[in-house]
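Following: one structure in structure tokens, then a few remarks.
The values are calculated or read from the model by the stated rules, or taken from the named source; none is laboratory data. Predicted model only: the values in this text are computed from it and were never measured. Note that we place each Cβ from the backbone using ideal geometry, even for glycine, and neighbour counts take in every protein chain shown.
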Amino acid sequence: MAVVETEELTYTYSIGTPFEKTAVDHVTLSLRDGGITGVMGHTGSGKSTLIQHFNGLIRPTSGRVLLDGKDIWEDKKNIRDVRFRVGLVFQYPEYQLFEETVYDDIAFGPKNMGLDESEIKRRIMDTANDIGLPEELMKRSPFELSGGQKRRVAIAGVMAMEPELLILDEPTAGLDPAGRDMILEHIKNYHRRTKNTILIVSHSMEDIAGFADSILVMNKGRLFCYDDTVNVFARLEELTRIGLDVPQITKVFDSLKHHGIDFGKQVYTVEYAKKLILQRLAEKEGL
């Protein structure tokens, strides 16, 4: 069973005013359980509005959001529990730090779940290890840390609740390439340990290509496609038409194909491109 499903999900802002706008338009989908899904779409495509429905931050104008097959709005009293099970990390989460120590900031969510102290500590230390925070930082004020460390503390605060679905909205925004790679690798560490489902929103095709095993694309409030990463990037011309870019390496191999050098497979990461080129060279040497 999918962790989260939507049925004809629709959300309209400012109903009955001149500013009325449908941001999510009859979206039906089932998120793959245990996988890593990238969410993409041009500005105004509805992707941010969509993900805020998954943990009840926004209530649908019509349609339903199902968690383990149950409508999350069937009983409003259950929304608090939904937000423990579906964790959402906003852009620049470091601006939401507020506790006196790193330990207390990460502990805030687990404490509110009513867990005992030993389980809270276990979750904090496991998550800190996943996200690359050494134990000696636990007693320090989060406001004394570097920008990258602050972001990791903020992300760890949601991870420590070990939600069944972890949603990260542009977690690498504003970071340099090395910082982006580090954050994504830490998120992978968490996924390897928990096997929980991850949804990551990003404008970077390169980040998504090397990170996600499936991609969900929104366009003008509608679901454009939701498929394996390789199948989505195979739709290069369609993605371009709706205002999205594809990884540079995909463009290079597409150009090679048009010049008669066809590798027969969709290429969307540099590492995979390297592997294919080396294989082709080895085959030629074998001849």
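Only one of these is free of Cβ contacts under 8 Å to residues at least 60 places away in the same chain, on the phi < 0 side of the Ramachandran plot and in the same structural domain as Leu168 (by TED's automatic domain parsing): Phe211, Phe233, Phe263, Phe224. Name it.
Working: Phe211 fails: free of Cβ contacts under 8 Å to residues at least 60 places away in the same chain; Phe263 fails: in the same structural domain as Leu168 (by TED's automatic domain parsing); Phe224 fails: free of Cβ contacts under 8 Å to residues at least 60 places away in the same chain.
From the options Phe211, Phe233, Phe263, Phe224, the qualifying one is Phe233.
Looking at segment 1-23 only, could you name the residues that are in a strand (DSSP E or B), of a type outside the set (Asp, Glu) and within 24 Å of Phe84 (Cα to Cα)? So that I can check it myself, show each step before the final result.
Step one: filter segment 1-23 for residues in a strand (DSSP E or B), giving 4-13, 21-23.
Right, trim to of a type outside the set (Asp, Glu) and you get 4, 6, 9-13, 21-23.
Result: Val4, Thr6, Leu9, Thr10, Tyr11.
Being under 30 Å from Phe233 (Cα atoms), in a loop (DSSP other than H, G, I, E, B) and touching a residue at least 40 places away in the same chain (Cβ under 8 Å) narrows it down to one of Gly38, Gly34, Gly63, so name that one. Show your work before the answer.
Values: Gly38 fails: in a loop (DSSP other than H, G, I, E, B); Gly63 fails: in a loop (DSSP other than H, G, I, E, B).
When all the criteria are applied, what remains is Gly34.
So how many residues does segment 217-233 have that are buried (at least 18 other Cβ atoms within 10 Å of the Cβ) and under 23 Å from Glu271 (Cα atoms)? Step through it out loud before you land on a result.
Taking segment 217-233 and keeping what is buried (at least 18 other Cβ atoms within 10 Å of the Cβ), we get 217-219, 221, 223-224, 226, 229, 232-233.
Checking the rest, the ones that are also under 23 Å from Glu271 (Cα atoms) come to 229, 232-233.
Residues flagged as buried (at least 18 other Cβ atoms within 10 Å of the Cβ) and under 23 Å from Glu271 (Cα atoms) within segment 217-233 amount to 3.
Among the candidates Ile200, Ile242, which residue alone is of a type in the set (A, V, I, L, M, F, W, C), surrounded by fewer than 20 Cβ atoms within 10 Å (Cβ to Cβ), assigned by TED's automatic domain parsing to the domain that holds Ala156 and under 30 Å from Glu20 (Cα atoms)? Steps first, answer last, please.
Numbers: Ile200 fails: surrounded by fewer than 20 Cβ atoms within 10 Å (Cβ to Cβ).
After ruling out the rest, the residue left standing is Ile242.
Based on what the data block shows, is Ile72 within 28 Å of Met125 (Cα to Cα), within 21 Å of the chain's Cα centre (by Cα), surrounded by 17 or more Cβ atoms within 10 Å (Cβ to Cβ) and modelled with pLDDT of 95 or more? Explain how you work it out, then say what you get.
Numbers: within 28 Å of Met125 (Cα to Cα): no; within 21 Å of the chain's Cα centre (by Cα): yes; surrounded by 17 or more Cβ atoms within 10 Å (Cβ to Cβ): yes; modelled with pLDDT of 95 or more: yes.
So Ile72 does not fit the description; no.
Kindly list the number of the only condition in (1) within 19 Å of Leu239 (Cβ to Cβ); (2) among the hydroxyl-bearing types (Ser, Thr, Tyr); (3) touching a residue at least 40 places away in the same chain (Cβ under 8 Å) that fails for Thr12.
(1)
Condition first: surrounded by fewer than 16 Cβ atoms within 10 Å (Cβ to Cβ), touching a residue at least 40 places away in the same chain (Cβ under 8 Å) and closer than 17 Å to Gly174 by Cα. Now tell me which residues in segment 124-160 satisfy that.
The one that is surrounded by fewer than 16 Cβ atoms within 10 Å (Cβ to Cβ), touching a residue at least 40 places away in the same chain (Cβ under 8 Å) and closer than 17 Å to Gly174 by Cα: Gly147.
For segment 203-216, name all the residues that are buried (at least 18 other Cβ atoms within 10 Å of the Cβ) and part of a loop (DSSP other than H, G, I, E, B).
Correct list: Ser204, Ala212.
Can you tell me which residue within segment 253-283, out of those that are in a loop (DSSP other than H, G, I, E, B), hydrophobic (A, V, I, L, M, F, W, C) and modelled with pLDDT under 85, is nearest to Asp207 (Cα to Cα)? Don't jump to the end; show me each part of the working.
Initial filter on segment 253-283 (in a loop (DSSP other than H, G, I, E, B)): 259-269.
Next, only the ones that are hydrophobic (A, V, I, L, M, F, W, C) stay: 261, 263, 267.
Restricting the remaining residues to those that are modelled with pLDDT under 85 gives 263, 267.
Numbers: Phe263: 23, Val267: 14 Å.
Top of the filtered list is Val267.
State which residue pairs qualify: first residue in the same structural domain as Phe253 (by TED's automatic domain parsing) and inside segment 274-287, second residue at pLDDT below 85 and not β-branched (Val, Ile, Thr) in any location, beta carbons under 8 Å apart, and separation of 6 or more residues or different chains.
Once the first residue is in the same structural domain as Phe253 (by TED's automatic domain parsing) and sits in segment 274-287, its partners that are at pLDDT below 85 and not β-branched (Val, Ile, Thr) give Leu276/Phe263; Leu276/Lys265; Arg280/Phe263.
Here is a yes/no grid of residues against (1) among the basic types (Lys, Arg); (2) modelled with pLDDT under 95; (3) over 21 Å from the mean Cα position of the chain (by Cα):
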| site | (1), (2), (3) |
| --- | --- |
| Met40 | no, yes, no |
| Gln52 | no, no, no |
| Asp68 | no, yes, no |
| Thr101 | no, no, yes |
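Does Val89 satisfy the condition of being touching a Phe, Trp or Tyr at 6+ places or on another chain (Cβ under 7 Å), surrounded by 16 or more Cβ atoms within 10 Å (Cβ to Cβ) and either of a type outside the set (Phe, Trp, Tyr) or free of Cβ contacts under 8 Å to residues at least 12 places away in the same chain (or both)?
Working: touching a Phe, Trp or Tyr at 6+ places or on another chain (Cβ under 7 Å): no; surrounded by 16 or more Cβ atoms within 10 Å (Cβ to Cβ): yes; either of a type outside the set (Phe, Trp, Tyr) or free of Cβ contacts under 8 Å to residues at least 12 places away in the same chain (or both): yes.
No; evaluated as a whole, the condition is false for this residue.
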